Structure formats: structure tokens, C-alpha cells
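Okay, structure first, notes after.
Bear in mind these aren't lab numbers, they're just calculated from the coordinates by the rules spelled out. These numbers were taken from a predicted model, which means no experiment stands behind them. Positions of Cβ are backbone-derived with ideal geometry, glycine not excepted, and every protein chain shown enters the neighbour counts.
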Amino acid sequence: KYYKRSTDGGINWEPDKRLTNNFGISYTTSISVSGSDMYFVWDDDRDGNFDIYYKHSPDGGGTWESDWRLTNNSATQFFPSVSVSGSDVYVAWEDHRDGIEKIYYKHSTDGGITWSADTRLTNNDSKSHSPMLTVSGSDVFVVWNDDRDGNFEIYYKHSVDGGVNWGQDTRLTNSVFSGSPCISISGSNVHVVY
């Protein structure tokens, strides 16, 4: 994976910086920023199957710490999404450990030093793909595409207590096929594109 940054609002850009240097394949990525702290996640097959990896920059992308493996399971983990609020870091991903694609999640309260256990967020018998999450204070919002209705639609769920408890799955779309959701929040306005 490569990274680049602009320190003048996108007018000028620094040279590309390589962030992964192993022999594995690195695919989907996500990045989130809080002050000068940057959090980067991706899926990586260096261990023989795809797992979720993480790294942190404490100085706005100037330097990066070592890679950390966030999942340790013999099944495939794909499509991570990261969001940060203060020292709380949240990661969701698509996980195949249960024999069918499900959405899993974990949380750090200390800026990524320690992490909670993997927590399954979707519990129906359908396939759940491509999660995206965003956070504002203790409110955490997750969207994904789900085929429980016979075709893929966008679903959503919300936690008001930093991911300890979660509300019900809510269907957001009613179409022939809806996929690749993205979510963002500003104040009380939550925006989803797909």
C-alpha cells in the first residue's frame, strides 16, 4: 500500500510513501484521522489467508509505526473500515469465519494500543458484505450490503454507547441491487451513498 499527503489543502502533494513492505497481497484500505493521529487499516494475506492489519502515525502521516495484525483467524477477513473519535478507534470488516460472510467489529479505547475481542454485528442467515463505519462521540454507525431479502440491499445499524450495544438492523434501500455503501456524519446529519 502507498500513501501520500498534502499539507496545504491539496494544492501540493508530497511524494508517494510505501506503507507495506511484506511479500503478501494487500487489498482494500481505509484511513481515519483525529488531530495528528492517523489510523490505517487494510486486508493482507502475508499469513496465508487474508487478515485485517493496522498501523498508526502519531504525526499526521510523517512517520508510521509497525504493522499490527488485528484478526487472527484461519478464514478470510476482507474490506476493513476504520473511524476514530479522540482515542477511540473503531474497525469493522467482512468476515468468513462462520461459513458465510458476516460483519465483525472491534474497538480500541486507547488509540490502538489494546483492542476488544472480535464481535459479530450481523446474525441473520444471509450474506453481509462491504461494511463502512463512522463515529461521532459515542455514536457509531455501520452500513453494509446484505442479501437477506433475496437481492443485495443496504442495511444500517447504530450504537449510542461506543459499540457496547447495538440497535436493530435497518434496511435503507429498496432496489434490484444496492452495493458498496459509504457513510459520513456531520452533527445530527447522517449521509449514506451506495
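Backbone phi angles across the stretch 83-91, fed through the Karplus curve with coefficients 6.51, -1.76 and 1.60 (θ = phi - 60°), yield HN-Hα couplings of 8, 9, 9, x, 9, 8, 10, 10, 10 Hz in residue order; Gly and Pro are listed as x.
Given axes a ≥ b ≥ c from the Cα gyration tensor, I'd like to know whether the stretch 140-194 is rounded (a/c under 1.5), prolate (a/b larger than b/c) or oblate. Oblate, since a/c reaches 1.5 and b/c is not below a/b.
Mind giving me the FRET efficiency for His158 and Ala75? R0 is 22 Å, r the Cβ-Cβ distance, nearest 0.05 is fine. Mind showing how you got there, number by number?
Working: r = 27 Å, r/R0 = 1.22.
Computed FRET efficiency for His158 and Ala75 comes out at 0.25.
Applying 1/(1 + (r/R0)^6) with R0 = 35 Å to the Cβ-Cβ distance of Ile11 and Leu172 gives a FRET efficiency near 0.45.
Which order do the peptides 20-27, 78-85, 119-126 take when ranked by the mean count of other beta-carbon atoms within 10 Å per residue, highest first?
Details: 20-27: 13.0, 78-85: 23.4, 119-126: 14.8.
Highest to lowest by the protection proxy: 78-85, 119-126, 20-27.
Using a simple spin-label model with pseudo-atoms 7 Å out from Cα toward Cβ, Phe23 and Asp149 lie 4.7 nm apart. Once both labels are positioned 7 Å from their Cα atoms along Cα-to-Cβ, the gap between Ile113 and Asp59 label points is 2.0 nm. With θ taken as phi - 60° and the Karplus curve 6.51 cos²θ - 1.76 cosθ + 1.60 applied, the whole-hertz 3J(HN,Hα) list for the stretch 36-43 is 8, 8, 10, 10, 10, 10, 7, 9 Hz, x standing for glycine and proline.
Considering only the Cα atoms of the chain, their convex hull presents on average a projected area of 11.5 nm². Here the extension length gained between Ser186 and Ser126 equals 18.5 nm, from 0.36 nm per residue of separation less the Cα-Cα distance.
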